[in-house]
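The values are calculated or read from the model by the stated rules, or taken from the named source; none is laboratory data. Keep in mind that what you see is a predicted model, and the values were worked out from it rather than measured. All Cβ positions, glycine included, derive from the backbone under ideal geometry; neighbour counts span all protein chains shown. Accessible surface areas use protein heavy atoms only, side chains included; no ligands, DNA or RNA. Shrake-Rupley method; radii C 1.70, N 1.55, O 1.52, S 1.80 Å.
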Amino acid sequence: MEILKELETIAKQNVNTTLESARSNGKKIMGYFCSYVPEEVIHAAGFIPYRMRAVESPGTSLGDTYFAPSICSFVRHCFSKALNGDFDFLDGVIFMNGCDHNRRMHDNWRYAKIKPEFLYMLPVPHVVSDASTQKYMNEIKKLARAMETEFDVTITARALEDAIILYNKKRDLLTRIYENRKKKEVPIKGSEFLSIMLAITALPIDIAIEKLELVLKGLEGRVVSSDDDLRLFMAAVCTEEIEHMELIENSGGIVVADKICLGRSHFHTLVELKDDPIRAIAKRYLTHLSCPRMMDDMRRRMAYMHDEIKEYNVDAIIVEKLEFCTLMAGETFLYKNEAGKIDFPILSLDRELFGGGTGQIKTRVQAFFEQVRNIKEMSQN
Amino acid sequence: MIAAGCDIGSLTAKAVIIRDGSIVSKKIIRVKETALKSAETVMSMVTSEAGLKMEDIDSCCTTGYGRYDIPFSDMNKSQISCHGLGAFWLDRSIRTIIDIGGQDCKAVAVGENGMVKDFIMNEKCAAGTGRSLEILAKTIGIELEELGPVSLKSKKEVELANKCSIFMELDVIQHLYNKTKIRDIANAINTAVARRVVQLSKAVRLENDICITGGVSKNIGVVNKLEEMLKIKFKQLPEDPQLMGAMGAAVFAAKIN
Amino acid sequence: MEAVSYDYLDNVVNIWRFGRKLTKHPYLAYFNIKYFAPPMIKLNFFNRAELKFAFESIGQGQLSPQELKAMYYCLDALVESVGGVLAAARNNEPVVWFDYTVPSIILNAFGVASICTSMVSKTPNYLGADCLIEHFEAAENAGVSSEICSMTRLPLGAVLMNQMPKPVALLTTAQPCDSGRTVSQMLDYLADAPSFVIDSIYDKDEESIGHYSADIMAMIEFLEKILDRKLDWDKLKTHVEELNLFNYYLREVSQMHRAIPSPGLGFIFLESSWPLRLFASGYPSATKFGKTIYDIGKQRITKDLHKRKKEEKIRVMISGAPMYFMDIYLWMQKEFHAYVVADYLVQTANPEIDTSTRESMIRGLAIDNLHLGMLRQSHGPVEFIIEDIENLIDEYSPDCLIFCGNIHCKHKKSVPKIINDTCKKTGVPTLNMSLDLFDPRANSEDTIKKQIKDFFINNGLV
């Protein structure tokens, strides 16, 4: 499918031509980290939200004095890119306290005096409650004020409402594409879905919607799975390497459901525009399919895994963490225990982002698939 | 039927030929500069030993890190499945296999058909692998092969960090400064590596019928320590335990499991 | 689930009880320890790790009778706290688990037995290094990643070994780090009991303190529901007044260490005040401990000044100490006349809590809580870390800084350049070690000693 090829090209680039031309036409671009920074607010302030990424990283060596090697490779790649000037095209970057590694990037970025000048830390609550929603609303308002002051713009309620409609449309389209994977004959691979996610988070929203509509149309009648493929549920955080996903799928599986930052987590739950737009946004971002950083939502995340296994007819789970990601280390323990309760096959992978080691990964994945097939055969016999 | 199994590992390449269910030849060599060259060399040696030509092989299965893109291979299987099946084929009572190779260490549980039921493999860290033993042996100035026998002469327990091979090396150097006897350091190295393997293998439910495969199975020091720590006795395999990957691959190729 | 036993906690409490008995008559204890120290060291404590560690925890014969008296109060508070939990568990009374970041004084005011899960990062140590390893291995065997901070992994080990009384509720906060956040969820999962999380805050402004206080209030409501009883606010007030006194003495002792020479109470003050704060917040014995060391400190910087001048040659500011090498302070004192005058993690600067109203008390507890080591420096931007280091250097005039680690602390590992540059700017020689502060498998005592010795020699301090 042409559109998927086009999106894959964009996914593998740090800056794409659409962004470049928007920029040359005077449009401003705002980088942001993590799924808890509201894109609607950035859009309403007149920026193109750009999800920060490690793709096309020059390696981590530039930032090695700022971060010890025991820090997550996603963060070290992004920071090295910043030192390398790869993010100079941005007008600002919004950080959030997603994890300790990411949060400290804000400190190092300021200390190293790297471009751009507008660097903002958005502290997001770690629990879901009325009080935390109120706190988060206050933080969103502070962010909005900071952008208004720095860039001399006004964020109106109308602009926020329009943004909510647009971003909900994006979420809806992504959900429809995602749900296509329920089919016995799967029309889209996990690696392709990851490409889509990387691409649309680096494009203006109207163009992203156009592309998603094309993808959805193109899926009609398309089949990319074979009968032998194992249907996989994949849980991970900052997965960006399309090749890595391909490696897994080329070993005899197909990812049909996920719990990945650049996957279901990004578009799960719509913003319910019933009351004040800021309150609606705060509610959605705090209650969407949560990251392990959220401390009182663990049981819902586990229930989500069980539901996806059933709905998407999953054969096996792959849960992967980037080395030194503490949050995902805990989450892996929970996944393994939950899978154990129903005797469900699960493989955990621990690796560096763009870190090689494919030999070992291939062996693990292949052995795991051999194990799953063996168990299946034995139970059938 | 003539079936071949070829295991191209990180330090050695191994090959086994099975004819009508019996082993006719086997070989272990140090790896060459490329996986293909290693595979070709070991296969040419093993076929000539059996008085065969490559064309005589009906089916060939490759395994190990170099298992891909070998032109004469008909299939490839993970070394985890191969080690499991190889050991099981030689002794049908085997249910758990601890394999310590050059760059990885794994514990494999197999079912009644010899196929993988569960497994655990070390992460990237080299602690608890043949590679770390090689480095540490070099640090104390003895050959890898001597590490086991030398350690048996130890009379004093000395402590060694076992969390990571770099920490281990630092501690070994510290012991050298302190003039700790080589035999005692050798013993501490084997103990530390065994402890890592024990930690790893506990993730798989160990059953009584257990054997050890891979290059490190030849280090009597590590083997003794493992038996002591796991409170088990390894079953002796009728063939060289380093050959189990190739053996399992040959069984896969012959489809006689 | 296997039957719960409390072998380890029982043994630890028994060791504390023995220590309390021993130190009840401090002069007698002083001569006994002095007399038995050399042969015990020579015989390597009959190869009994618990004897070695117990001996180290009462100062290896280097503490004065007055300090042993303080130790008596400390042990008394610990026995009361943890012994009380075990008794409650055995009588099927409710037990609440709380993380060290939770203001536990509230639980004491509720009159419910409560155990600090983070305490288990300290207690196995009283039984020797092997016990620590056993805890780690229990966690690792159950699939807990060793990338999670070792301090927080120890309680998981205890729970997985069925060594913790089953809780009716769990309390935690979203601070100070990812390890704490993730382990709290794992404990919650394993215990499968109702839990409450106090949210984290990033700033120190009024709005943030207000949010934090509101969450503490919500936690009280949660507890009232779970325990089916109302909080006794008068009792809380009494406890907080006790805590105010404890904080006062500790603040004073802390400030006495600014003097040159310092009163040299680093070991007992810094090592003991931390567990007291965690397990016995608001206990009268804890206050008596504070008062005793306050009196010793006062005496030393006035009457014993001449003696102290001879003793203190090097002033050390430390950040954390390896748990399995408890006598690091005493070893430095004995070998190099090096005295720890400030600890980046344990330093006490907790302000007085206003007990006039319920709201002021809760607000005060929130602020007190945010002064805890690790929380104080880590909940916000890097400036909190830098200010803390700069202030401590400025106020305590150390001759050197020793940063022990911890290898798993993502906060420090995320800003090594900023910390190094700050230390360089101050011109104070700095030793940066990358230790695992809790896991004895990672570093040996000898390696640590060698690094410190080399550092002192290379910087001309000895």
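Rounded to the nearest 20 debye, what is the charge dipole size of the stretch A:18-155 about its Cα centre when +1 sits on each Lys and Arg Cβ and -1 on each Asp and Glu Cβ?
That gives the stretch A:18-155 a dipole magnitude of about 140 debye.
Tell me, what HN-Hα J-couplings in whole Hz come from the Karplus equation 6.51 cos²θ - 1.76 cosθ + 1.60 at θ = phi - 60° for each residue of the stretch A:328-343, using x for Gly and Pro?
So the J values, rounded to whole Hz, are 6, 5, x, 5, 4, 4, 5, 4, 5, 5, 5, 5, x, 4, 10, 6.
Expressed as a whole percentage, what fraction of the accessible surface of the stretch B:35-154 belongs to carbon and sulfur atoms when a 1.4 Å probe is rolled over the protein heavy atoms?
50
Give a residue-ordered list of calculated ³J(HN,Hα) values for the stretch C:74-80 (Karplus: 6.51 cos²θ - 1.76 cosθ + 1.60, θ = phi - 60°; whole Hz; x for Gly, Pro).
4, 5, 4, 5, 5, 4, 4
Whole number in Å², please: accessible area per residue of chain C, 1.4 Å probe, ligands, DNA and RNA not counted.
For chain C, the solvent-accessible area averages 36 Å² per residue.
Using a 1.4 Å probe on the protein chains only, how many percent of the accessible area of chain C belongs to carbon and sulfur?
It is 52 percent, rounded to a whole number.
So how much accessible surface do A and B hide from each other in total, probe 1.4 Å, in square angstrom to the nearest 100?
Chains A and B together bury roughly 1700 Å² of accessible area.
Report, to the nearest whole %, how much of the accessible area of the stretch A:18-155 belongs to carbon and sulfur atoms, 1.4 Å probe, protein only.
47
Using helices alone, I'd like the mean residue ellipticity at 222 nm for chain B: each DSSP H run of four-plus residues gives -39500 (n - 2.57), total over residue count, nearest 500.
Per the formula, -12000 deg cm²/dmol.
What value, in deg cm²/dmol to 500, does the helix sum -39500 (n - 2.57) over DSSP H runs of n ≥ 4 give at 222 nm once divided by the residues of chain C?
Value at 222 nm, helices only: -18000 deg cm²/dmol.
In the stretch A:293-310, which residues become less accessible by 20 Å² or more once every protein chain is in place, relative to the chain on its own, using a 1.4 Å probe?
Residues passing the criterion (a loss of at least 20 Å², heavy atoms only) are A:M295, A:M298, A:R299.
Quick one: Karplus J couplings for the stretch A:143-151, per residue in order, coefficients 6.51, -1.76, 1.60, θ = phi - 60°, nearest Hz, x for Gly and Pro?
4, 4, 4, 4, 5, 4, 5, 5, 10
Testing the spin-label approximation: label points 7 Å from Cα along Cα→Cβ at B:K233 and C:S356. State their distance in nm.
8.1
Taking the Cα centre as origin and putting +1 on Lys and Arg beta-carbons and -1 on Asp and Glu beta-carbons, what dipole magnitude results for chain C, to the nearest 20 debye?
Dipole of chain C, to the nearest 20 debye: 1860 debye.
Of C:P381, C:F438, C:Y396, which is farthest along the charge dipole of the stretch C:366-438 in the positive direction, counting Lys and Arg as +1 and Asp and Glu as -1 at C-beta?
The residue sitting most towards the positive pole is C:F438.
Check B:T213: other-chain or 5+ apart residues with amide H under 5 Å from its amide H, H built from backbone geometry?
Hits under the 5 Å cutoff: B:I98, B:D99, B:I100.
Between the alpha-carbon centers of the stretch C:359-403 and the stretch A:286-319, tell me the distance in whole angstrom.
Each part's Cα centre sits 37 Å from the other's.
For A:H306 and A:D130, calculate 0.36 nm times their separation in residues minus their Cα-Cα distance, and state this gained length in nm to one decimal.
Result: 60.6 nm gained on full extension.
For C:L51 and B:K181, what does the FRET efficiency come to when R0 = 35 Å and r is the distance between their Cβ atoms, rounded to the nearest 0.05?
0.80
Can you count the Lys pairs in the stretch A:1-148 whose Cα atoms are under 25 Å apart, with each pair 8 or more apart or on different chains?
19
Quote the FRET efficiency, to the nearest 0.05, computed for C:E252 versus C:D394 with a Förster distance R0 of 22 Å and r equal to the Cβ-Cβ distance.
0.70
Using amide H atoms built in the peptide plane, which far-off residues or other-chain residues are under 5 Å from C:F98 H to H?
Those lying under 5 Å, H to H, from C:F98 are C:I115, C:C116, C:T117, C:L171.
Based on the Cβ-Cβ distance of C:N11 and C:K424, what FRET efficiency does E = 1/(1 + (r/R0)^6) give at R0 = 60 Å, to the nearest 0.05?
0.85
Give the accessible area for C:D130 in Å² (nearest 10); use a 1.4 Å probe, count only protein heavy atoms, and leave out ligands, DNA and RNA.
110
Provide the solvent-accessible area of C:L28, counting protein heavy atoms only and rolling a 1.4 Å probe, rounded to the nearest 10 Å².
110
Can you tell me the length gained on complete extension of the stretch C:T238 to C:K24, counting 0.36 nm per residue apart and subtracting the Cα distance?
Contour length minus the Cα-Cα distance gives 74.4 nm.
What nm value, rounded to one decimal, do you get for the distance between B:T34 and C:R229 when each label is placed 7 Å out toward the C-beta?
7.8
Along the Cα→Cβ direction, 7 angstrom out, place labels at A:V223 and B:K255. What is the inter-label distance in nm?
Those two pseudo-labels are separated by 2.5 nm.
Need one value: the accessible area of C:H306 in square angstrom, 1.4 angstrom probe, rounded to the nearest 10.
130
As a test of the definition: with a 1.4 Å probe, what buried accessible area, both sides summed, do you compute for A against C, in Å² to the nearest 100?
4100
Ordering C:I226, C:I457 by accessible area with a probe of 1.4 Å, largest first, what comes out?
C:I457, C:I226
Accessible area, 1.4 Å probe, largest first: how do C:W97, C:W274 sort?
Largest to smallest exposure gives the sequence C:W274, C:W97.
B plus C alone minus the pair: what accessible area, both sides summed, probe 1.4 Å, in Å² to 100?
1000
Picking from C:L43, B:I2, C:T101, whose Cα lies most toward the positive end of the charge dipole for the protein assembly as shown (charges on Cβ: Lys, Arg +1; Asp, Glu -1)?
About the Cα centre, the residue reaching furthest to the positive side is C:L43.
Mind ranking A:K211, C:K166, B:K138 by accessible surface for me, highest first, 1.4 Å probe?
So the residues, ranked largest to smallest area, are B:K138, C:K166, A:K211.
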